[in-house]
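The block underneath contains the structure these notes are about, expressed in structure tokens.
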Amino acid sequence: MTRTIALLVAALTAGALMTYMLLSIGSKKQEAVLLKAAPVIKAEGVEARSDVWGEHYPRQRDSWEKTKESGEIEDLVAKYPQLAILWAGYGFSKDYNAPRGHAYALTSNRNTLRTGAPTDGETGPMPMACWTCKSSDVARLLVEEGENEYFTGKWARAGADIVNPIGCADCHDSQTSQLAISRPYLLRAWEASGRSVDEITHQDMRSLACAQCHSEYYFKKTKYTDKQGQEQTAAVVTFPWANGLSAEAMEEYYDERKFVDWTNKLSRAPMLKAQHPGYEIFTTGVHAKRGLACADCHMPYVQEGGVKYTSHHIQSPLNNIDNSCLTCHRQSEDEFRSIVAEKLARKNQLNVMAMNSLAIAHLTAQKAWEVGATEAEMDPILAKIRSSQWTWDYSIASHGSFFHAPEETLRLLSVANDKAMDARLDLTNLLSKYGVTNYQAPDFSTKEKAQKLAGLDMPKLIADKQNFRNTLMADWLKQAAAQDRLTDEFVTSVPERAAYLSHE
Ligand code: HEC
Ligand code: HEC
Ligand code: HEC
Ligand code: HEC
């Protein structure tokens, strides 16, 4: 009897706590931190230099600088060599690391082997669009040049212009200081998905500020006439949201347009690369369904003396469980750490299975071509590989998905595994038709072995990159400093690291 009452009391208390939590989320929605008499940072246009903003907002600026603390490079191709096979023929097979703090965004982009080794403004493998999520100078250029003009030309065109990492102007308006969307393609995608921009609430903005970059995108070829009357083609960042935000809806969007990011060099499958659909997959999880925004966990309020402000030290919330989780949950830090660790371990097990299966599928398809399989035989199998790899990539590419939306992540990894196994069964049957009955995929268990199978000449890629870093890249930074675009000593103190430098 006492036991029943105790249980009842416990249940009622838990219910009350949850109601309190939800109410406190509700009141946060209204809690637009009012910027009374906000200073005008710049009378017209966009102020990309966060040091100029910092003169007015020292607390936000100081906490923003702390993103530099997360600077370790975790080489994911070394950790999971399968990736070099999955992405054979595509830049990611050369170099791919786990995300670091926002302070590093530009140095990561300049130094990765993926952006290649241009020798002037017209060379190199990448378009302008590759800067889009890395710098507050992008917010400035989108206004100064116009959107289509910004998205025209090679990546190297604007190396001397884009020099400040993600900063105040990415998320705030230079005239009013209010939260603002600096990337117009996000608002277009929002409308394409059937919602009106007039419906955007303050709480939505606390996620949409992040969704400008932590979202899935592709480069849409767009023709326009420039100011000189010339026909031009821009490669405009576009979110595939018109059919919905789920993995299946976006896959359908790409399939309808017969869109292909690249052809896998080994299997010749027409592939899609999921970028980082972090916002999209977050919206399927319980925290989003209860009305939380990214900033609730990644940018908690902090109290300093009598002043309450938003921490701009965007990082893993696990470094700050007290402010990030325990404001709503009444459990211990240890309990939280172990819950999150368990979610990660569950995801990792299915993730490794899917990557292994996909790598073997690509290599087996390569073998099938070698022994004479026809396009008619291969096409349906390659379509299964494409679909499997898209589903796998969507589920894990945003890194935080194992926590943001654990059930959806595990569901998608299971679907990806099923499709990859299906493709492998078809390939086994096809090989036996051509007399091959005991095919064993070659060893791809180290980064070196897998990159060799993918046909990469790593010493040459690294030597060319070093040359670029010592010449063109050094010139960009000198020019930007001479022209007062790069005035921030904090920014110039961020080290230009890369995974391949440890091989020097
Ligand atoms: C990635 C997006 C992002 C960046 C970059 C960013 N902010 Fe914020 N900022 C936010 C969000 C989200 C809030 C919370 C707004 C709210 O809920 O009203 C905020 C709030 C603020 C506020 C209101 C007061 C407070 O502390 O809540 C000020 C002032 C501010 N930021 C200044 C800056 C400055 C200065 C920089 C650059 C050093 C900067 N922000 C960079 C997203 C950003
Ligand atoms: C202008 C683009 C942009 C915006 C806006 C942006 N991010 Fe990021 N974010 C990035 C990039 C790029 C990286 C990876 C940087 C690197 O590895 O060099 C990153 C990294 C991160 C990381 C990893 C940090 C670490 O220490 O490992 C977190 C967490 C994160 N972002 C959360 C957010 C949240 C939350 C918001 C909104 C409040 C946001 N981001 C807004 C582009 C952006
Ligand atoms: C309920 C709290 C919560 C909310 C809300 C939330 N996150 Fe996270 N986020 C986490 C946790 C916990 C992790 C896992 C951190 C870890 O593994 O160290 C994480 C991880 C991440 C990472 C990966 C960091 C890394 O270095 O691997 C990124 C990026 C990120 N979140 C962005 C976002 C964005 C963008 C949103 C909104 C669309 C968002 N988060 C909403 C709690 C949250
Ligand atoms: C603003 C309030 C709020 C914050 C901050 C918050 N949560 Fe939650 N959390 C909730 C609510 C509401 C639910 C849903 C409870 C329900 O409906 O069952 C929830 C559910 C959960 C669950 C169970 C559901 C699942 O996805 O497994 C876990 C675990 C969890 N939160 C962990 C965390 C962690 C870790 C953090 C910090 C990084 C955090 N939460 C931050 C409000 C919050």
Checklist entry - So what are the ³J(HN,Hα) numbers for the stretch 386-394, from phi and the Karplus equation (6.51, -1.76, 1.60; θ = phi - 60°), rounded to whole Hz, Gly and Pro as x? => result 4, 5, 4, 5, 4, 5, 4, 5, 4
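Provide the FRET efficiency to the nearest 0.05 for the Glu191-His399 pair, computing r from the beta carbons and using R0 = 25 Å.
Working: r = 28 Å, r/R0 = 1.12.
Once rounded, the FRET efficiency stands at 0.35.
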Checklist outcome for this item: The alpha-carbon center of the stretch 73-92 and that of the stretch 441-498 are separated, in whole Å, by 16 Å
Next on the checklist: Based on the alpha-carbon set only, what is the convex hull volume of the stretch 388-504 divided per residue, in Å³?
Outcome noted: 192 Å³
Checklist entry - Which of the listed residues, Ser108, Ala48, Val143, is farthest toward the dipole's positive end in the stretch 44-153, when Lys, Arg count +1 and Asp, Glu count -1 at the beta-carbon? => result Ser108
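Find the all-direction average of the projected area of the Cα convex hull for the chain, expressing the result in square nanometres with one decimal place. It would help to have the intermediate numbers written out before the result.
On the way: hull surface 114.9 nm².
Over every viewing direction, the Cα hull of the chain projects on average to 28.7 nm².
Ranking Trp131, Trp392, Trp262 by Cβ neighbours within 10 Å, fewest first, what do you get? Let's see the in-between values first.
On the way: Trp131 24, Trp392 27, Trp262 16.
Placing the least packed residue first, the sequence is Trp262, Trp131, Trp392.
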Next on the checklist: Charges at C-beta only: +1 for Lys and Arg, -1 for Asp and Glu. How large is the resulting dipole of the stretch 390-497 about its Cα centre, in Debye rounded to 20?
Outcome noted: 400 debye
Item to check | Under-5 Å amide H pairs with His276, H placed in peptide plane, nonlocal only | outcome: Ser215, Glu216, Tyr217
Next on the checklist: Quick query: amide H of Asn97 versus all other amide H atoms, modeled in the peptide plane; which residues come in under 5 Å with a sequence gap of 5 or more or a different chain?
Outcome noted: Leu76
Checklist outcome for this item: Counting sequence-distant residues (5 or more places) and residues on other chains, those with an amide H built under 5 Å from that of Gly153 are Met128, Ala235
Item to check | Partners for Lys347 among aspartates and glutamates (Cα-Cα distance below 17 Å; same-chain residues under 8 apart left out) | outcome: Asp393, Glu407, Glu408, Asp418
Checklist entry - the stretch 111-181: which GluC sites (Glu not before Pro) are DSSP loop and have at most 12 other beta-carbon atoms within 10 angstrom? => result Glu122
Item to check | Cβ-Cβ FRET estimate between Glu489 and Ala43, R0 fixed at 25 Å, reported to 0.05 | outcome: 0.50
Next on the checklist: At 7 Å along Cα-to-Cβ for each site, give me the label-to-label distance between Val302 and Lys221 in nm.
Outcome noted: 4.9 nm
Next on the checklist: At a 10 angstrom cut-off on C-beta neighbours, averaged per residue, how do the peptides 469-477, 295-303 rank from highest to lowest?
Outcome noted: 295-303, 469-477
Item to check | Estimated distance in nm for a label pair at Thr437 and Ala482, the labels positioned 7 Å out from Cα along Cα-to-Cβ | outcome: 7.2 nm
Next on the checklist: Restricting to DSSP H runs of at least four residues, report the calculated mean residue ellipticity at 222 nm for the chain, -39500 (n - 2.57) per run over all residues, nearest 500 deg cm²/dmol.
Outcome noted: -14500 deg cm²/dmol
Checklist entry - Out of every Cα-Cα pair in the stretch 347-417, what percent are more than 14 Å apart? => result 60 percent
Checklist outcome for this item: Under 20 Å by backbone N from the virtual spin label 7 Å along Cα-to-Cβ at Glu370, the residues of the stretch 439-463 are 439-457
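On full extension of the chain, what length is gained from Ser338 through Glu407, given 0.36 nm per residue of separation minus the C-alpha to C-alpha distance? The partial results should precede the final answer.
Details: separation 69, 0.36 × 69 = 24.84 nm, distance 1.72 nm.
Net length gain for the segment: 23.1 nm.
Sort the stretch 128-198 into rounded, prolate or oblate with this rule: let a ≥ b ≥ c be the square roots of the eigenvalues of the Cα gyration tensor; rounded if a/c is under 1.5, and if a/c is not under 1.5, prolate when a/b is larger than b/c, oblate otherwise. Write out the running numbers ahead of the final one.
Details: a/c = 2.31, a/b = 1.34, b/c = 1.72.
Note, shape of the stretch 128-198 comes out oblate.
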Checklist outcome for this item: Of the stretch 462-499, those with amide N under 18 Å from the point 7 Å along the Cα→Cβ vector of Thr123 are 462-477
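Given N residues in the stretch 188-275, what is its alpha carbon radius of gyration divided by 2.2 N^0.38 Å? Let's see the in-between values first.
Working: Rg = 15.9 Å, N = 88, 2.2 N^0.38 = 12.1 Å.
My calculation over the Cα atoms of the stretch 188-275 gives 1.32.
Please identify every one of the trypsin sites (Lys or Arg not before Pro) in the stretch 316-367 that sits in a loop by DSSP and has no more than 14 other beta carbons within 10 Å of its own beta carbon. Please list the in-between numbers first.
Values: sites: Arg330, Arg337, Lys343, Arg346, Lys347, Lys367; in loops: Arg330.
In loop regions of the stretch 316-367 (DSSP not H, G, I, E or B), the sparsely surrounded trypsin sites (Lys or Arg not before Pro) are Arg330.
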Item to check | Charged-residue dipole, Cβ positions (Lys, Arg, Asp, Glu), the chain about Cα centre, Debye nearest 20 | outcome: 760 debye
Next on the checklist: Cut-off 20 Å, label point 7 angstrom out along Cα-to-Cβ of Lys79: give me the residues of the stretch 323-364 whose amide nitrogen falls inside.
Outcome noted: 337-359
Item to check | Listed residues Trp390, Ser332, Ala373: farthest to the positive end of the dipole of the stretch 322-404 (Cβ charges) | outcome: Ser332
Next on the checklist: Distance between the C-alpha centers of the stretch 294-352 and the stretch 204-229? Whole Å please.
Outcome noted: 30 Å
Checklist entry - Once both labels are modelled 7 Å past Cα along the beta-carbon direction, what's the Val352-Lys258 spacing in nm? => result 4.1 nm
Checklist entry - With the dipole of the chain worked out from charges on the C-beta (+1 for Lys and Arg, -1 for Asp and Glu) around the Cα centre, which of Leu425, Gly159, Val77 lies farthest toward the positive end? => result Leu425
Checklist entry - Between Rg and the Kirkwood Rh of the stretch 269-375, both from Cα atoms, what is the Rg to Rh ratio? => result 1.19
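Every read-out reported here was derived from the displayed coordinates using simple, explicitly stated rules and does not represent laboratory data. Predicted model, so just to flag it, every value in this text is computed and none were measured. Methodologically, a virtual Cβ is constructed for each residue, glycine included, from the backbone with ideal geometry; neighbour enumeration extends over all protein chains shown.
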